[in-house]
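Trainee: Supplied in structure tokens, the structure appears directly below.
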């Protein structure tokens, strides 16, 4: 086989491996990383951050609670974007958006939701939850706008809230449907 | 060097380089970033482990007895070598050997399997023990080395969606973090035992 043809075949093989895969799942031609101590260190850090946030939130200190979660999303991550890390970040950002909106920091809430949706690009409870939180954020924004007397913007926020909740419901229904299909017994072979 | 040593197959250069790097890191440990240290501590102290299984208890007891009675056991050899390495300290000899290994010696590195022996030379108990460890590791097949390596037996990183059966509540975020960390903690322990050949 000529050198040129060999190189061309190799390039085609690599292209076939690279395309059409979820960027948050291992490439088809690359084995997924094993569960190792680095991943566990991050997950432990995540657990600790959320427990700290719980304690701070219970004490009414939402700013410090947010800080604990911020330290997690800003911390170094395990290499290779393991799915667990992406999902933990999505869930963490959903919580950050919720806390930020409670503090009236709607721009921060929007940024957290946008980043969180990048962590959860496929239909999943993580993605559905982010849209649900978006719905709650828009509700709070609507309330704040009405208190300021900005009825028009408040109406828009309400509309966005409804759309977000509808998207959350759609995603969650899709996830439930998929799980039911997975759990269904395989059809018996025809005789 | 004996004639028998000369006939042994050479250690591949890449493996030799990795081995020397590992030994250098062991002999000259660098500073550990404080954040990394904290995460390691959290991981060691904060990840709950399930009670040991029957097989794990049996294997642990076998290893303990082998160490006490000097009986044969695949993992006991490594532990004995590590213990011997600290029996007599000759830091100067270790440093000379490692420095020589780091620079590389023309001719000696190219030919031998136990390139570690050539580089470390003769003399101290510490150097010989380090070489024994190196040979032990180099002599083992990759599947037997006591580190987790990717293989079909090891649990891989994957989505956590299977852990959850219903839509999320924001108030349940911490409980989800707990569940994910617990589940992957069990996976990590399974991987460690798989890498050690314990089932």
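The values are calculated or read from the model by the stated rules, or taken from the named source; none is laboratory data. Computed from a prediction, not measured in an experiment: that's the story for all the values here. Glycine also receives a Cβ, built like all others from the backbone with ideal geometry; neighbour counts cover every protein chain displayed.
Trainee: Would you say residue A:177 is surrounded by 17 or more Cβ atoms within 10 Å (Cβ to Cβ), within 14 Å of another protein chain (Cβ to nearest Cβ) and within 21 Å of residue B:164 (Cα to Cα)?
Mentor: Numbers: surrounded by 17 or more Cβ atoms within 10 Å (Cβ to Cβ): no; within 14 Å of another protein chain (Cβ to nearest Cβ): yes; within 21 Å of residue B:164 (Cα to Cα): yes.
For residue A:177, the condition - surrounded by 17 or more Cβ atoms within 10 Å (Cβ to Cβ), within 14 Å of another protein chain (Cβ to nearest Cβ) and within 21 Å of residue B:164 (Cα to Cα) - is not met.
Trainee: Looking at the range A:43-55, which of its residues are surrounded by 19 or more Cβ atoms within 10 Å (Cβ to Cβ) and more than 7 Å from every other protein chain (Cβ to nearest Cβ)?
Mentor: A:49, A:53
Trainee: Would you mind telling me which numbered condition in (1) under 11 Å from the mean Cα position of the chain (by Cα); (2) outside any loop (DSSP other than H, G, I, E, B); (3) farther than 26 Å from residue B:39 by Cβ residue A:141 fails?
Mentor: Status for residue A:141: all satisfied but (1).
Trainee: Let me ask another. Would you be able to say whether some residue in the range A:46-57 is more than 24 Å from residue B:183 (Cα to Cα) and touching a residue at least 12 places away in the same chain (Cβ under 8 Å)? Write out each step before concluding.
Mentor: Taking the range A:46-57 and keeping what is more than 24 Å from residue B:183 (Cα to Cα), we get A:56-57.
Checking which are touching a residue at least 12 places away in the same chain (Cβ under 8 Å) leaves us with A:56-57.
Yes: the range A:46-57 contains one or more residues that are more than 24 Å from residue B:183 (Cα to Cα) and touching a residue at least 12 places away in the same chain (Cβ under 8 Å).
Trainee: Could I ask something else about it? Name, by its number, the condition in (1) facing chain A (nearest Cβ under 10 Å); (2) at pLDDT 75 or above that does not hold for residue B:44.
Mentor: Against the list (1) facing chain A (nearest Cβ under 10 Å); (2) at pLDDT 75 or above, residue B:44 comes up short only on (2).
Trainee: Restricting to the range A:132-143, name every residue that is surrounded by fewer than 23 Cβ atoms within 10 Å (Cβ to Cβ) and touching a helix residue (DSSP H, G or I) at 6+ places or on another chain (Cβ under 7 Å).
Mentor: Let us first name the residues in the range A:132-143 that are surrounded by fewer than 23 Cβ atoms within 10 Å (Cβ to Cβ), namely A:135-136, A:139-143.
Residues satisfying the conditions are A:135, A:136, A:139, A:140, A:141, A:142.
Trainee: Let me confirm something: among B:128, B:194, B:143, B:148, which residue is more than 18 Å from residue B:20 (Cβ to Cβ) and modelled with pLDDT of 50 or more?
Mentor: Details: B:128 fails: more than 18 Å from residue B:20 (Cβ to Cβ); B:143 fails: modelled with pLDDT of 50 or more; B:148 fails: modelled with pLDDT of 50 or more.
Selected residue: B:194, the only one of B:128, B:194, B:143, B:148 that is more than 18 Å from residue B:20 (Cβ to Cβ) and modelled with pLDDT of 50 or more.
Trainee: Count, please, the residues in the range B:159-168 that happen to be in a loop (DSSP other than H, G, I, E, B) and more than 8 Å from chain A (Cβ to nearest Cβ).
Mentor: Number of matching residues: 0.
This table checks each residue for (1) more than 9 Å from every other protein chain (Cβ to nearest Cβ); (2) touching a residue at least 60 places away in the same chain (Cβ under 8 Å); (3) closer than 22 Å to residue A:51 by Cα.
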site	(1), (2), (3)
A:94	no, no, yes
A:97	yes, no, yes
A:105	yes, no, no
A:114	yes, no, no
A:121	yes, yes, no
A:124	no, no, no
A:129	no, no, yes
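Trainee: Let me ask something else. Across the range A:69-82, what is the number of residues that are surrounded by fewer than 20 Cβ atoms within 10 Å (Cβ to Cβ), within 12 Å of chain B (Cβ to nearest Cβ) and outside any loop (DSSP other than H, G, I, E, B)? Show your work before the answer.
Mentor: Just the residues of the range A:69-82 that are surrounded by fewer than 20 Cβ atoms within 10 Å (Cβ to Cβ), to begin with: A:70-71, A:73-81.
Checking the rest, the ones that are also within 12 Å of chain B (Cβ to nearest Cβ) come to A:71, A:74-81.
Add one more test, that the residue is outside any loop (DSSP other than H, G, I, E, B), and what stays is A:71, A:74.
Final tally of qualifying residues: 2.
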